[in-house]
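Novice: First, the structure itself, so that you have it in front of you.
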Amino acid sequence: MSHTLAYVLGIVILIVGIGLSVALHELGHMLPAKRFGVKVPEYFIGFGPKLWSTRRGETEYGVKAIWLGGYVRLAGMLPPARPGHPDKPGSMVAEAREESLAELGPDEQERAFYRLSVPRKLLVMAGGILTNLALGIICLTVALGVIGQPAYTATLASVTECVSSDIDAGAACTDADPASPAAEAGLQAGDTIVSWNGRPTATWTQVQEAIAAAGTGPADVVVERDGEELSLTVTAVEVPRTVYDSDGTVVTDESGEPVTQMRPYVGIGPSLGTVRTPVRDIPAVVGSAVGQTLRAIVTLPAGLYHAVAAGLGLEERDASGLVSLVGVGRIAGEVTSAGTGGTGTIPFSVRLFSMLSLLGSLNLALFAFNLIPLLPLDGGHVAGACWEGIRRVWARAHGRPDPGYADTARMLPVGQVVFFLLVAMALILIWADIVAPI
């Protein structure tokens, strides 16, 4: 497959993944709404021109052209104006109320969303939010526990032929250089190290630890080759190796020269693959991902500032910062095209892990973003239901009359401002992803 075709495939996979996530998000709203008797006139994936639709009962199901969202229309989302507090004729609020109630016939007034109890309103509006949370957790759990995280494995990608004069610099072999311990012992690329000097080795880190522990004495090494296990004897040699700190930075002495340390050397290199995360560790890793996503939403203004600063060339773009769908699409394309077009070999399992992680992160972002308690986001309706519940509990506790439904329609002007701010934020991030991509 060509690099370009693989790149486009990644974007297509992302679009399909977003479409499925949106479809399930809207189902999270629709299913409990129908269960509680709310009239649901429409369920659509996407926006813009209608591509296809069909009617089942009272609901029209369909797909529209732009797969950047979707919606389920619940009749009676907004309550009528309170007695004695009429809306200004022709105002945005008055028109929104009229449109919201227009699809309810005289005998369907009890099927309006606003007439639901507070717990049922919360279940309907939180259904979509929690669906994205569940999808994010499922994607990340499968990526970690079934596919595995990218890591160097105990399978050899290379065997060095000699002990060169400058190993860390990758100096070429000369006739004067002795053969490497790995070449002398008969190790080959593709061998999987099963054990080293009696120590089981399932990961590259364990291979490194076993080599260090064995020192320069003869070590019995068991490898798997072509489905069979072979026993070899490997005697490492000590060579000076550059010392790196925990961040991968070369450690230097007072004069600025790299610090070296004598270490056992064999002459083998690991292959890239995936290593499954132990089941006991998955909740902590997924929980950390959820926490980081929530922190990104809380610090949204700061994240937007840094994206703009990076776009203006004032600082480096933060790899863990905010990104638009354009940036996410580019990442998806790079994931699927990695290893094609002569750019090296990236195993399919590594690319699958990256794509699942990307879709999982997108769903966690949708979950966290919809928690913002402002219309038109789901969190705005959740906040309205919570406020209604608080008012009713307070009135009951003080022997006052039921204050009635929370008038979320009054928040529509604020919701309109929020909508334009979201559009502006999206455009800014798209600009940043073009001029200073992650």
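Novice: Among the residues of the stretch 270-299, write down those that are without any contact (Cβ under 8 Å) to a residue 60 or more places away in the chain and farther than 23 Å from Phe353 by Cβ.
Specialist: Arg295, Val298, Thr299
Novice: Tally the residues that are surrounded by 16 or more Cβ atoms within 10 Å (Cβ to Cβ) and either free of Cβ contacts under 8 Å to residues at least 12 places away in the same chain or out of contact with any helix residue (DSSP H, G or I) (no Cβ under 9 Å at 6 or more places or on another chain) (or both), restricting the search to the stretch 6-24.
Specialist: Residues flagged as surrounded by 16 or more Cβ atoms within 10 Å (Cβ to Cβ) and either free of Cβ contacts under 8 Å to residues at least 12 places away in the same chain or out of contact with any helix residue (DSSP H, G or I) (no Cβ under 9 Å at 6 or more places or on another chain) (or both) within the stretch 6-24 amount to 2.
Novice: Going by the structure shown, is Ala172 more than 30 Å from Gly76 (Cα to Cα), touching a residue at least 40 places away in the same chain (Cβ under 8 Å) and among the hydrophobic types (A, V, I, L, M, F, W, C)?
Specialist: Considered against the rule, which asks whether it is more than 30 Å from Gly76 (Cα to Cα), touching a residue at least 40 places away in the same chain (Cβ under 8 Å) and among the hydrophobic types (A, V, I, L, M, F, W, C), Ala172 comes out as no.
Novice: Residues of the stretch 88-118 being touching a Leu at 6+ places or on another chain (Cβ under 7 Å) and within 21 Å of Trp387 (Cα to Cα), which ones?
Specialist: Hits for the stretch 88-118 are Val93, Ala96, Arg97, Ser100, Ala112, Phe113, Tyr114.
Novice: Of the conditions (1) within 30 Å of Arg115 (Cβ to Cβ); (2) surrounded by fewer than 17 Cβ atoms within 10 Å (Cβ to Cβ), Arg392 fails just one. Which one is it?
Specialist: (2)
Novice: I would also like to ask the following. Which of the residues belonging to the stretch 25-61 are small (Gly, Ala, Ser), at negative phi and assigned to a strand (DSSP E or B)?
Specialist: The answer is Ser53, and nothing else.
Novice: Also, quick follow-up: Has the stretch 115-130 got at least one residue that is more than 36 Å from the chain's Cα centre (by Cα) and either under 30 Å from Glu42 (Cβ atoms) or touching a residue at least 24 places away in the same chain (Cβ under 8 Å) (or both)?
Specialist: yes
Novice: Tell me which residues, restricted to the stretch 311-324, are touching a helix residue (DSSP H, G or I) at 6+ places or on another chain (Cβ under 6 Å) and either of a type in the set (Ser, Thr, Tyr) or part of a helix (DSSP H, G or I) (or both).
Specialist: Gly311, Ser324, listed by residue number.
Novice: From the residues in the stretch 25-47 that are aromatic (Phe, Trp, Tyr) and surrounded by fewer than 20 Cβ atoms within 10 Å (Cβ to Cβ), which one is modelled with the highest pLDDT?
Specialist: The selected residue is Phe36.
Novice: Can I ask one more? Just to be sure, is Gly269 outside any strand (DSSP E or B) and on the phi < 0 side of the Ramachandran plot?
Specialist: No: the conditions fail for Gly269.
Novice: Something else about it: Pick from Gly327, Gly303, Gly333, Gly291: which is under 23 Å from Gly145 (Cα atoms) and part of a helix (DSSP H, G or I)?
Specialist: Exactly one of Gly327, Gly303, Gly333, Gly291 is under 23 Å from Gly145 (Cα atoms) and part of a helix (DSSP H, G or I), namely Gly291.
Novice: A further question follows. In the stretch 116-138, is there at least one residue being assigned to a loop (DSSP other than H, G, I, E, B) and within 30 Å of Arg97 (Cα to Cα)?
Specialist: Looking through the stretch 116-138, at least one residue is assigned to a loop (DSSP other than H, G, I, E, B) and within 30 Å of Arg97 (Cα to Cα).
Novice: From (1) touching a strand residue (DSSP E or B) at 6+ places or on another chain (Cβ under 6 Å); (2) surrounded by fewer than 16 Cβ atoms within 10 Å (Cβ to Cβ); (3) under 26 Å from Pro278 (Cβ atoms), pick out the condition that doesn't hold for Thr205.
Specialist: Only one criterion in (1) touching a strand residue (DSSP E or B) at 6+ places or on another chain (Cβ under 6 Å); (2) surrounded by fewer than 16 Cβ atoms within 10 Å (Cβ to Cβ); (3) under 26 Å from Pro278 (Cβ atoms) is unmet by Thr205, namely (1).
Novice: Among the numbered criteria (1) over 30 Å from Leu5 (Cα atoms); (2) surrounded by fewer than 20 Cβ atoms within 10 Å (Cβ to Cβ), which one does Tyr405 miss?
Specialist: Looking at each condition in turn, Tyr405 falls short on (2).
The values are calculated or read from the model by the stated rules, or taken from the named source; none is laboratory data. Here the structure is a predicted model, which means the values were calculated and not measured. Here Cβ is always computed from backbone atoms with ideal geometry, including for glycine, and neighbour counts include all displayed protein chains.
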